[in-house]
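The structure appears right after this line, and notes come after that.
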């Protein structure tokens, strides 16, 4: 898989191979996080897009029918189930005559005191509202969904601020074909899909997100709902997006692979996330669980991965974006996390994209990739910034360029110490 980006935010151009483990290193504010966010948004904004559009229209139709019926004088209560049934029949109707017959049958089934004229007016109003919603072109709907998703993730800064009228383009290429999206003035102006994306992406930059499993009341009261990115991860952690039957099948198929991965996870997090009125972390020896919000930040990094595995949310070819995963981990746990990444890639055929500032973490990843025989699916990129725009150099064959940039700051400190000691050396 390849991700190509042109003129998106600060990224002037990028051509990134995503086929196993992709590592991006570079100084701050050189577009590293943008790559991961673009990939995540490209996956999740259009994943199951047809179903999303159908559900959105269905919900709008349900609300429309419900609101119109509330203005009429019916002698019986109209249940939401009845409204849902008539909406589903309207959506299945092949032509306008069929839609009108569905509405007429629906109204005939409800005893009312309306005159024939009032009834005809109601049918016409219902029909007009339904026609307006059904007439929304899929192309227009798709552009709005994509625009809204990307603008939320990138805070309205999709196109380069200096050249907002320039077309920004994203393209993902796999064996099945290419999917591309174009933006101008922070709005999706065109798209071309050759395949229906079914894989998911998980953007992990903040282990504290797992706290949201127990923060639903706070979210509801404050009105501060998570972003689409966080909402997707939240649902995946809860297992909402997969049925119990699918979870059981995944567990049976993946059992052998799970044993080895859990062997690594249990070195750090031997317990499980359980639910008893709230989500808790409980070890096998512990009699009482602790609220997941009380777990250490480093432990939460592992808990998120373990939770996604245990509830069957991870599938082959899914992408996991890790933005500076080392910052919450002790060097010893960094080693375990690096091995976990390589083991997960090997056992589950996942695609990882990792941003890092740590030479220790990078060296550890490098070692375990070689140990597991995965060196051939590792790709290295160095991000650079010049005159306000960013570019990416592939350095898979010359990774020393990354190490040099990561190690040089410590050498600068050594030189500064040496100069300071010379200046303050006793005479």
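The values are calculated or read from the model by the stated rules, or taken from the named source; none is laboratory data. Keep in mind the model is a prediction, meaning the values are calculated, not measured. With ideal geometry, Cβ positions are generated from the backbone for all residues, glycine too; neighbour counts draw on all protein chains shown.
Summary of values
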{"read-out": "Within region 272-282, tally of residues that are in contact with a strand residue (DSSP E or B) (Cβ under 8 Å, 6 or more places away or on another chain) and either at pLDDT below 80 or in a strand (DSSP E or B) (or both)", "value": "7"}
{"read-out": "Among (1) part of a loop (DSSP other than H, G, I, E, B); (2) within 21 Å of the chain's Cα centre (by Cα); (3) crowded, with 18+ Cβ neighbours inside 10 Å, the one test that residue 315 misses", "value": "(3)"}
{"read-out": "Matching residues, region 305-335, being farther than 25 Å from residue 27 by Cα and at pLDDT 90 or above", "value": "318"}
{"read-out": "The lone exception for residue 185 - which of (1) exposed (fewer than 13 other Cβ atoms within 10 Å of the Cβ); (2) over 17 Å from the mean Cα position of the chain (by Cα); (3) modelled with pLDDT under 85 it fails", "value": "(3)"}
{"read-out": "Subset tally (residues that are touching a strand residue (DSSP E or B) at 6+ places or on another chain (Cβ under 8 Å) and either in a loop (DSSP other than H, G, I, E, B) or surrounded by 21 or more Cβ atoms within 10 Å (Cβ to Cβ) (or both)) for region 284-298", "value": "4"}
{"read-out": "Residue 166 at pLDDT 85 or above, surrounded by fewer than 18 Cβ atoms within 10 Å (Cβ to Cβ) and in contact with a strand residue (DSSP E or B) (Cβ under 7 Å, 6 or more places away or on another chain)", "value": "yes"}
{"read-out": "Of the criteria (1) surrounded by 14 or more Cβ atoms within 10 Å (Cβ to Cβ); (2) at pLDDT below 95; (3) within 24 Å of residue 14 (Cα to Cα), which one residue 388 fails", "value": "(1)"}
{"read-out": "Some residue of region 60-81 being crowded, with 18+ Cβ neighbours inside 10 Å and out of contact with any helix residue (DSSP H, G or I) (no Cβ under 9 Å at 6 or more places or on another chain)", "value": "no"}
{"read-out": "Region 132-160, residues that are at pLDDT below 85 and loosely packed, with under 12 Cβ neighbours inside 10 Å", "value": "135"}
